[in-house]
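Engineer: Would you mind keeping the following structure in view while I ask a few things?
The values are calculated or read from the model by the stated rules, or taken from the named source; none is laboratory data. Every value quoted in this text rests on a predicted model; they were computed, and no experiment measured them. Positions of Cβ are generated from backbone atoms using ideal geometry, with glycine treated the same way; all protein chains shown enter the neighbour counts.
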Amino acid sequence: MDEKTSEYSHVVTVVAPGGESLQLVADHLESTLSAAGVTEFGPVRMLSGDGAFTAIEQAVSPQDAQSLRKALETEFSGKADICVSPSTNRRKKLLISDMDSTIIEQECLDELADFAGLKAEISAITERAMAGELNFEEALTERVGMLNGLALNTLETCYRERITLMPGAETLVATMKAEGARCVLVSGGFTYFTSRIAEAAGFDTHQGNTLLDDGKTLTGKVGMPILGREAKLAALESEMMTLGLKAVDTLAMGDGANDLAMIEAAGMGVAYRAKPVVAAAADCGVTVTDLTAVLYFQGYTDSEIVWKE
């Protein structure tokens, strides 16, 4: 199918957990395509079938790609992750990703709050901010203010004891870098964590907000300007300009409302276990498998992936 993909306008990718029958997934895809009125399609191509995932793709020419995506997501809901992407420029040259609840499994600020006995209160604000119900900058300022007086060494304890990489994170970054892509971590969280997570996951560089301290404790203040939704978009645009890339060459990924602008601007916007407002705006989403799915969405096969975990 590689040589003939360009004959079709789009590629459908289905990524299911390992153990799912390849034939059953392919049959389910075929029946869903037929029900959606898709009559032009190429043969099924296996991306993964022997390990942790069952992943296939099929070139198609749908009348309405968005309608097809919705039909597929409905049919495979809870069973597989779906991507309907243009058949050209599939392998992206720039990855720009959120950190909290995307590259790592936690929200750093919520974990810090737990050390202050304020996790429930701060997590509630985080949830509303990520859902787009609160102004991100104001919500961040409020939450950091609640941490005034927290011992500075708590940051190291939090990182060491609480923070873990999302499954597939190292593999995603390593594989895209091996293909020549630049990988940038950009977070509304804090540089104390972004610097360490960027190194651990293999990112080329990172951006984040700065927690201010007096040498012993947090002051409850955050450095200005606050890196939020527009700053993430600006980071994407700056990297594109520096690298001489077009939007179609880029992939942006995140879970919260402050990721919306960069997700909408990128050639492929991926919602990772995201809030509904983000999932609706993204080009594709991952809810069932892990970050490895983002590689299959770009057409990588198991033999091409740089496995790190």
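Engineer: For the condition within 18 Å of residue 78 (Cα to Cα), modelled with pLDDT of 95 or more and touching a Gly at 6+ places or on another chain (Cβ under 8 Å), what is the one hit in 293, 247, 252? Full working, then the answer.
Structural biologist: Numbers: 247 fails: within 18 Å of residue 78 (Cα to Cα); 252 fails: within 18 Å of residue 78 (Cα to Cα).
On inspection, the qualifying residue turns out to be 293.
Engineer: Turning to a different aspect of this structure: Within segment 26-43, identify whether any single residue is in a loop (DSSP other than H, G, I, E, B), of a type in the set (Phe, Trp, Tyr) and surrounded by fewer than 21 Cβ atoms within 10 Å (Cβ to Cβ), and answer yes or no.
Structural biologist: To start, the set of residues in segment 26-43 that are in a loop (DSSP other than H, G, I, E, B) comprises 36-40.
Cutting the leftovers down to of a type in the set (Phe, Trp, Tyr) gives us none.
Among the residues of segment 26-43, not one is in a loop (DSSP other than H, G, I, E, B), of a type in the set (Phe, Trp, Tyr) and surrounded by fewer than 21 Cβ atoms within 10 Å (Cβ to Cβ), which makes the answer no.
Engineer: Still on this model: Just the residues that are surrounded by 20 or more Cβ atoms within 10 Å (Cβ to Cβ) and either part of a loop (DSSP other than H, G, I, E, B) or among the acidic types (Asp, Glu) (or both), please, taken from segment 217-227. Walk me through it before giving the result.
Structural biologist: Going residue by residue through segment 217-227, those that are surrounded by 20 or more Cβ atoms within 10 Å (Cβ to Cβ) are 218, 222, 227.
Across segment 217-227, the qualifying residue is only 227.
Engineer: Regarding segment 266-277, can at least one residue be identified that is without any contact (Cβ under 8 Å) to a residue 60 or more places away in the chain, in the same structural domain as residue 236 (by TED's automatic domain parsing), surrounded by fewer than 24 Cβ atoms within 10 Å (Cβ to Cβ) and in contact with a strand residue (DSSP E or B) (Cβ under 8 Å, 6 or more places away or on another chain)?
Structural biologist: yes
Engineer: In segment 23-79, what residues are of a type in the set (Ser, Thr, Tyr) and closer than 16 Å to residue 293 by Cβ?
Structural biologist: From segment 23-79, those of a type in the set (Ser, Thr, Tyr) are 31-32, 34, 39, 48, 54, 61, 67, 74, 77; that's our starting set.
Residues satisfying the conditions are 48, 54, 77.
Engineer: Being assigned by TED's automatic domain parsing to the domain that holds residue 125, among the basic types (Lys, Arg), crowded, with 24+ Cβ neighbours inside 10 Å and in contact (Cβ under 8 Å) with a residue 40 or more places away in the chain: is that true of residue 232 here?
Structural biologist: Details: assigned by TED's automatic domain parsing to the domain that holds residue 125: yes; among the basic types (Lys, Arg): yes; crowded, with 24+ Cβ neighbours inside 10 Å: yes; in contact (Cβ under 8 Å) with a residue 40 or more places away in the chain: yes.
Yes; evaluated as a whole, the condition is true for this residue.
Engineer: Checking residue 22 against (1) crowded, with 18+ Cβ neighbours inside 10 Å; (2) more than 17 Å from residue 305 (Cβ to Cβ), only one condition comes out false. Which one?
Structural biologist: For residue 22, the failing item is (1).
Engineer: Which residue out of 245, 185 is touching a helix residue (DSSP H, G or I) at 6+ places or on another chain (Cβ under 9 Å), part of a loop (DSSP other than H, G, I, E, B) and closer than 14 Å to residue 96 by Cα?
Structural biologist: Details: 185 fails: part of a loop (DSSP other than H, G, I, E, B).
Just a single option satisfies the conditions, and that option is 245.
Engineer: Looking only at segment 57-92, how many residues end up being part of a strand (DSSP E or B) and either out of contact with any Phe, Trp or Tyr (no Cβ under 9 Å at 6 or more places or on another chain) or without any contact (Cβ under 8 Å) to a residue 40 or more places away in the chain (or both)? Full working, then the answer.
Structural biologist: Within segment 57-92, the first condition is being part of a strand (DSSP E or B), and the residues that meet it are 57-60, 81-86.
With the extra rule that they be either out of contact with any Phe, Trp or Tyr (no Cβ under 9 Å at 6 or more places or on another chain) or without any contact (Cβ under 8 Å) to a residue 40 or more places away in the chain (or both), the set shrinks to 84, 86.
Qualifying residue count, segment 57-92: 2.
Let's see how each residue does on (1) on the phi > 0 side of the Ramachandran plot; (2) polar (S, T, N, Q); (3) part of a helix (DSSP H, G or I):
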site	(1), (2), (3)
195	no, yes, yes
199	no, no, yes
215	yes, no, no
290	no, no, no
